[in-house]
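The values are calculated or read from the model by the stated rules, or taken from the named source; none is laboratory data. Computed from a predicted model, the values in this text were never measured in an experiment. Here Cβ is always computed from backbone atoms with ideal geometry, including for glycine, and neighbour counts include all displayed protein chains.
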Amino acid sequence: MKIIFRAETRSRDAILRVSTGGIIFTRHFNGLSEKYTIFALTSIFKLTLKPVASDKTLPTTLNDFAEGQLLLVNKPYRWTSFDVVGKIRNAFKPLKLKVGHAGTLDPLASGLLIICTGKMTKQIDSFQAQEKEYTGALTLGASTPTYDMESEPDQHFDISDISEEMIKEACKQFIGDIQQYPPAHSAVKIDGERLYEKARRGEEVELRARSVSIREFEITGIALPEVHFRVVCSKGTYIRSLANDYGKAMNNGAYLSRLRRTRSGDFKVEDAHEVMELVNAIRELKANTVIE
């Protein structure tokens, strides 16, 4: 469903198309398209707007970051999401600036990580709630305790009888609203403690199913034992669990061997900055700014 507003911007009036329940929308004017966030709602038909730092554009002053910016970052393989946040936050020192991310990516995953600074951190929950798209690969014929390559396979299975038709057919049962158990080695909290902390101590963990939605799950390539896929899913979906469950659906085993987040809401990894590109830009701004 789309709602159309005529709203005042600081430049001139424009027609705004807004997705119901979302905070991201696009301004269309003279054939150009610009993305904005709703920064303040002053009345039903009058909005105060803040541009989103996308399409490779970056703020031009440190004050812009403090006022609130949404930054798209290409998280490197083996970095944690908090590594990225820490690197950017440290780039602002000695300034104390709020920096947070809108949706964790596992260390073995790469791709789009949304970073919010300053006042924009208040919007993190809204960005986290947006639909996600991933591409990746799973390996058939084995399973691991972590459901990915973080641990060694603990079970092996024969894949000689698995056909292309079987591989594609197994996807169908995961489309729609499903119940999913998070991996024991995950950041989900139970009784105030993260599951991976309990798992590392060898404690038995009672996993609780959660409702998630898979809108698309397609096979994009087969080179056994690897199977390449694309998934479009809701917030809270564990692709590691999806890979493990997929293996069980094949009466076999599977673990996640590659993962990349390509989209979150309307934001795409193609528009993301490399971490050090962003860090260096902040350092350059800081070097040219008098900090009192």
Mind checking which residues of the stretch 206-248 are among the charged types (D, E, K, R) and either assigned to a helix (DSSP H, G or I) or over 20 Å from residue 266 (Cβ atoms) (or both)?
-> 206, 208, 210, 218, 226, 240, 245, 248
Of 150, 193, 203, 226, which residue is at pLDDT 95 or above, acidic (Asp, Glu) and surrounded by fewer than 19 Cβ atoms within 10 Å (Cβ to Cβ)?
-> 226
Residues 143, 163: which one is surrounded by fewer than 19 Cβ atoms within 10 Å (Cβ to Cβ) and assigned by TED's automatic domain parsing to the domain that holds residue 216?
-> 163
Restricting the stretch 181-190 to residues that are surrounded by fewer than 17 Cβ atoms within 10 Å (Cβ to Cβ) and outside any strand (DSSP E or B), the residue that is modelled with the lowest pLDDT | 187
